[in-house]
Amino acid sequence: MKRKIILASTSPRRKELLATTGLKFQVSSSNYEEDMTIELPVAELVKYLSLGKAQSLINEFEDAIIIAADTVVALNGEVLGKPHTPERAVEILKLLSGQPHSVFTGVSIVVSKNGNIVQRAVESQIFFKDISDKTNEEYVATGDPLDKAGAYGIQ
């Protein structure tokens, strides 16, 4: 019997990315509550959070490969989470305007049957040109940045 592959995320972006591999998988929402206040180096934080998401589904799938990821944006070592409100999105994008910053993604793969774990974290260096207040506000008005780490997507 083949193990099921479970993507522990309802993110359309993650689903699309995993689909490019040609693997057959199912999506299952993780109810893991992210705690962005844990004091860890950012690369370790994203691995920790992705592992929590994967492990939250272990009891639901007896013999599966569970894949979970977490992405954060960090400016000068400070994690900038999802803004959730337009006001916070404008604030975050103003902070990032004209500044180099990092996007960290952690991935955890857990085999539910035996608990084997593989983890990786990747850091990408990003530089925004200066963003005008008008461009910032127009982008935030689309609603796109509200559920994205650092208030933007960079697919």
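Note on Lys53: aspartates and glutamates with a C-alpha under 12 Å away, same-chain residues under 8 apart excluded, are Glu33, Glu34, Asp35, Asp70.
Fully extending the segment from Ala141 to Val122 would add 3.8 nm, taking 0.36 nm per residue of separation and subtracting the current Cα-Cα distance.
With semi-axes defined as the square roots of five times the eigenvalues of the C-alpha gyration tensor, the equivalent ellipsoid of region 69-155 measures 29, 14, 9 Å, largest first.
Per residue, region 1-94 exposes 60 Å² of solvent-accessible protein surface, assessed with a 1.4 angstrom probe and all protein chains in place.
Two numbers describe the Cα atoms of region 1-101: Rg and Dmax, which are 16.0, 53 Å. The distance linking region 110-153 with region 1-62 is 16 Å (Cα centroid to Cα centroid, whole angstrom).
Within the set Lys24/Lys94; Lys24/Lys148; Lys15/Lys47; Lys82/Lys129; Lys4/Lys47, which residue pairs have Cα atoms separated by over 30 Å? Result: Lys24/Lys94 exceed 30 Å. Remark on Lys4: its backbone amide H falls under 5 Å from those of Ile65, a criterion applied only to residues 5 or more positions apart or on other chains, H modelled at 1.01 Å from N. Using just its DSSP H runs of length 4 or more, each adding -39500 (n - 2.57), the chain gives a mean residue ellipticity at 222 nm of -8000 deg cm²/dmol after division by all residues. Cross-link partners for Lys2 among the aspartates and glutamates, with Cα-Cα distance under 17 Å and sequence neighbours closer than 8 places in the same chain left out: Glu60, Glu62, Asp63. Each Cα pair under 8 Å and six or more residues apart adds its sequence gap; the mean of these over the residue count of the chain is a relative contact order of 24 percent. Comparing Thr20, Thr85, Thr142 in a Gaussian network model of the chain, where Cα atoms under 10 Å apart are tied by springs, the biggest mean-square fluctuation is seen for Thr20. Axis of helix 86-96 versus longest Cα principal axis of the chain: the two differ by about 80°, to the nearest ten degrees.
Per atom type, the chain shows carbon and sulfur on 51% of its accessible surface, probed at 1.4 Å. Among the trypsin sites (Lys or Arg not before Pro) found in region 104-149, those both in a DSSP coil and sparsely packed, with 15 or fewer other Cβ atoms within 10 Å of their Cβ, are Lys113, Lys129. Secondary structure note: in region 4-82, about 35% of the DSSP beta bridges are antiparallel.
The values are calculated or read from the model by the stated rules, or taken from the named source; none is laboratory data. Values in this document were obtained by computation on a predicted structure and should not be read as measured data. Here the Cβ is made from the backbone with ideal geometry for all residues, glycine too, and neighbour counts use every protein chain on show. To get the accessible areas, we keep the full protein, side chains included, count just its heavy atoms, and leave off ligands, DNA and RNA. Shrake-Rupley method; radii C 1.70, N 1.55, O 1.52, S 1.80 Å.
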